[in-house]
Amino acid sequence: MKIKMAMMVGMTAISLFGYPQRYLAQTNTVEQRSALIKELWEHDPAAEHAVWPEGKIPLKKSDKPMRNLEHELWQRNLVVTDINVPTFTFFPAKGVENAPVVVILPGGGYFQLGWNKEGTEIADWLNANGVSAAVLLYRAPSQRDAALCDTQRTIRILRARAAEFHINPAKIGVIGFSAGANLAVRCATNWRTSLYERIDATDDLSARPDFQIIVYPWDLCPRNLRKDHLPLGLKPDYPVDRQTPPAFIIQTQDDFCMIETSIAYYLALRDHNVPSELHVYPFGGHGYGLRKLGTPPDDWSDLAAKWLKAFCR
């Protein structure tokens, strides 16, 4: 992959991965970084909802407060970690009653979560297409089982409070990016299993998503698949069957996350007659979100919007 490097006066020191100038942030000073963090984090506090009742967070292992990481500010992305009290922030599709809704699962290797690039920007795109959104800050770092609990509970909350949120409880989907895509697949294939004990009536509702959008997924196949020439297939952690929800999947051939990940998942869905769509691009790398970088996957969101419209009509 070619890396473009350009020194710029009054802008970020270097431009990486071909990012257009409009994404580059002024982060040269402490004051600039603080101002940008405030700008990127800004949202209506009333839109933020606790996933768990106070004192009843299952699999809780830390009381550290959430903290910001600044290494992606140059591309206008606020990254957060030490998420031990999970929340979701709800973004309604304005003027749409009984709207579909999508739970957004940002990526970050289960270590950190990208609040903007794979969170709020995705919510804006969904809203523009008549779909409400909930950006979930699931637990991290290194809390995969807890993250699954957070996702399942969020889906159940949205079903339980559908009238309050003006959403359709039969059209609740998930969209995930990288590790968030891994979590979305785990949620879509393990919805019958709960890793936490029932808390209240909300947990009597189904945690099955009605559809899924999987963007550059990570860690679904054995990591030694290529090296040891193993048969193409998923890890047993992702048991696809005929009740797995329909999927829209995208990935590039040059992604450092193996392209076999998406292909194996699509083939498993096909083999169980789950109507799904797979788009493989020749190049474009990983971690682009909705950003238009002049690479083939620039159009994935247009294709996904058409798929959503057909599915949610």
Any chance you could count how many residues in segment 136-194 are surrounded by fewer than 23 Cβ atoms within 10 Å (Cβ to Cβ) and of a type in the set (Asp, Glu)? 2
Just checking, does segment 269-277 include any residue being part of a loop (DSSP other than H, G, I, E, B), in contact with a Lys or Arg (Cβ under 9 Å, 6 or more places away or on another chain) and among the polar types (S, T, N, Q)? yes
Using the structure shown, decide if Tyr265 is of a type in the set (Ser, Thr, Tyr) and crowded, with 22+ Cβ neighbours inside 10 Å. yes
Scanning segment 81-98 residue by residue, the ones that are out of contact with any Leu (no Cβ under 7 Å at 6 or more places or on another chain) and either buried (at least 23 other Cβ atoms within 10 Å of the Cβ) or under 25 Å from Gln143 (Cβ atoms) (or both) total 6
What's the total number of residues in segment 204-217 that are surrounded by fewer than 24 Cβ atoms within 10 Å (Cβ to Cβ) and part of a loop (DSSP other than H, G, I, E, B)? 5
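Those residues that are out of contact with any Gly (no Cβ under 6 Å at 6 or more places or on another chain), within 22 Å of Gln21 (Cβ to Cβ) and surrounded by fewer than 18 Cβ atoms within 10 Å (Cβ to Cβ), I need them from segment 287-313; list them, please.
Leu290, Lys292, Gly294, Asp298, Asp299
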Kindly indicate whether any position in segment 215-231 is at positive phi, touching a strand residue (DSSP E or B) at 6+ places or on another chain (Cβ under 6 Å) and not basic (Lys, Arg). yes
How many residues are loosely packed, with under 10 Cβ neighbours inside 10 Å and either modelled with pLDDT of 95 or more or not in a helix (DSSP H, G or I) (or both) if we restrict to segment 6-44? 6
Condition met for Val131 (under 25 Å from Arg208 (Cα atoms), free of Cβ contacts under 8 Å to residues at least 40 places away in the same chain and crowded, with 16+ Cβ neighbours inside 10 Å): no
Residue among Ala247, Ala264 that is among the aliphatic types (A, V, I, L, M), touching a strand residue (DSSP E or B) at 6+ places or on another chain (Cβ under 6 Å) and under 18 Å from Gly176 (Cα atoms): Ala247
Could you figure out which of (1) of a type in the set (A, V, I, L, M, F, W, C); (2) more than 18 Å from Gly287 (Cβ to Cβ); (3) in contact with a helix residue (DSSP H, G or I) (Cβ under 7 Å, 6 or more places away or on another chain) isn't true of Val135? (2)
Positions within segment 82-112 being closer than 19 Å to Trp218 by Cα, over 13 Å from the mean Cα position of the chain (by Cα) and among the β-branched types (Val, Ile, Thr), in sequence order: none
Cβ-Cβ under 6 Å pairs, at least 6 apart or on other chains, segment 88-116 side among the charged types (D, E, K, R), far side at pLDDT 95 or above: Glu97/His166
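Condition test on Phe256, is it aromatic (Phe, Trp, Tyr) and surrounded by fewer than 16 Cβ atoms within 10 Å (Cβ to Cβ)? Explain how you work it out, then say what you get.
Details: aromatic (Phe, Trp, Tyr): yes; surrounded by fewer than 16 Cβ atoms within 10 Å (Cβ to Cβ): yes.
Criteria met by Phe256.
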Determine the pairs where a residue that is loosely packed, with under 11 Cβ neighbours inside 10 Å, located within segment 50-65, has a partner that is of a type outside the set (Gly, Ala, Ser) with Cβ atoms under 8 Å apart, the partner being 6 or more residues away or on another chain. Pro53/Ile199; Pro53/Asp200; Asp63/Asn84; Pro65/Asp82; Pro65/Asn84
Taking Pro245 as the residue in question, decide whether it is assigned to a loop (DSSP other than H, G, I, E, B), at pLDDT 95 or above and surrounded by 15 or more Cβ atoms within 10 Å (Cβ to Cβ). yes
Residues of segment 207-242 satisfying the condition of being at pLDDT below 95 and of a type in the set (S, T, N, Q): Asn224
Residues in segment 299-312: is at least one of a type in the set (A, V, I, L, M), within 25 Å of Asp145 (Cβ to Cβ) and not in a loop (DSSP other than H, G, I, E, B)? no
State the number of residues belonging to segment 162-203 that are assigned to a helix (DSSP H, G or I), touching a residue at least 40 places away in the same chain (Cβ under 8 Å) and more than 29 Å from Lys117 (Cβ to Cβ). 3
I'd like to verify a number: residues in segment 91-136 that are closer than 12 Å to Ser178 by Cα and of a type in the set (Ser, Thr, Tyr), how many? 1
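The values are calculated or read from the model by the stated rules, or taken from the named source; none is laboratory data. Remember, it's a predicted structure, so these values are computed and weren't measured experimentally. Glycine gets a Cβ as well: all are built from the backbone with ideal geometry, and neighbour counts include every protein chain shown.
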